Structures are given as C-alpha cells and as structure tokens.
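All of the numbers you see were taken from the coordinates with simple rules; none came from a lab. Remember, predicted model here, so these are calculated numbers, not experimental data. Don't worry about glycine lacking a Cβ; one is built from the backbone with ideal geometry, like all the others, and counts go over all protein chains shown.
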Amino acid sequence: MTDQQPIDVLAIDVLAAADLGDGDAHTVPAKLTGWSDAITVFRDGDTYYALDDTCPHEKASLGEGWLENGEIECPLHQSRFSLKTGAVTCLPATRNARTHKVEAIAGRLWLTPGQSPTDAG
C-alpha cells in the first residue's frame with residue numbers, strides 16, 4: 001500500500017481497505033461503476049481482486065458465492081473461477097469471468113472498471 005492517489009482518473013474509491021475482511025466481498029452496483037455489470041471486490045489474505053459480479057454461466061451473483069483457495073465458487077451451480085485471472089477452474093461454466101484492476105492506496109480500495117489487473121501499471 002502506498003500513500004499516493006491512483007494514477008488512473010477513472011478509478012473509483014470503493015471503501016476503506018480495513019472494512020473488507022479476509023474472505024469477504026463487496027459488490028459495487030453498475031450505476032456507480034459506469035460498467036455494464038456490478039463489480040465485486042474480494043479480499044483473499046492480503047490481496048484484493050475484482051470480478052464482474054454476474055456469473056457468466058447462469059447469471060448468479062458471484063459476490064454471494066464462497067471464496068476459498070484463491071477461487072470464488074458460484075452459489076447457483078458451483079462453478080469456480082480464479083480470483084486472479086477469472087479463468088474457469090470448475091465446470092459447468094465454460095466462459096471466464098471478467099477481472100478488473102483494484103488496488104489499495106492510502107488505506108482505500110480503488111477500482112478501475114474495464115482495466116485488467118494484468119494491464120495495470
């Protein structure tokens with residue numbers, strides 16, 4: 001974590017990093033992100049991830065799923081996705097979940113909708 005502001009002007013201040021406990025999720029509504037879907041921010045250990053909230057298999061909320069071992073499990077049909085890459089790790093889903101850049105800066109979580117974490121910085 002740094003004390004600087006995010007470089008990307010499209011970043012959204014989501015919440016205080018301390019307010020998202022390990023294993024927890026926080027869903028940001030689409031109307032606040034300007035994105036086509038709500039985006040859920042997850043905390044796994046000391047790392048934060050962001051994925052489209054809607055499961056690409058059957059439209060359930062991934063934010064209501066179970067987080068374990070770096071994966072999120074959909075509550076509807078138990079498809080699993082890598083938090084880091086969005087890749088399907090367990091069927092029945094066959095399409096990956098979209099990931100977004102999220103970073104902790106000065107004690108806040110900043111989300112950049114539409115920017116892949118691998119394309120960041």
Practice problem: Show the residues, 5+ positions off or on another chain, whose built amide H is closer than 5 Å to the amide H of Thr89. | Solution: Arg80, Phe81, Ser82
Quiz item: Which net charge results for the neighbourhood of Gly45, defined as the other residues with beta-carbon distances under 14 angstrom from its beta-carbon, given Lys and Arg at +1 and Asp and Glu at -1?
Solution: -4
Practice problem: Using the charge dipole of the stretch 42-115 (Lys, Arg: +1 at Cβ; Asp, Glu: -1 at Cβ; taken about the Cα centre), state which of Ala104, Thr54, Gly114 has its Cα farthest towards the positive end. | Solution: Gly114
Quiz item: Just checking the chain: which Cys have no other cysteine's beta-carbon under 4.7 Å?
Solution: Cys90
Self-check item: Sorted by Cβ density within 10 Å, fewest first, the residues Ile72, Ile39
Solution: Ile72, Ile39
Exercise. Give the order of His100, His57, His77 when sorted by the count of other beta carbons within 10 angstrom, beginning with the fewest.
Key: His77, His57, His100
Quiz item: Listing Leu91, Leu10, Leu76, Leu111 from the residue with the fewest other Cβ atoms within 10 Å to the one with the most, what is the order?
Solution: Leu91, Leu10, Leu76, Leu111
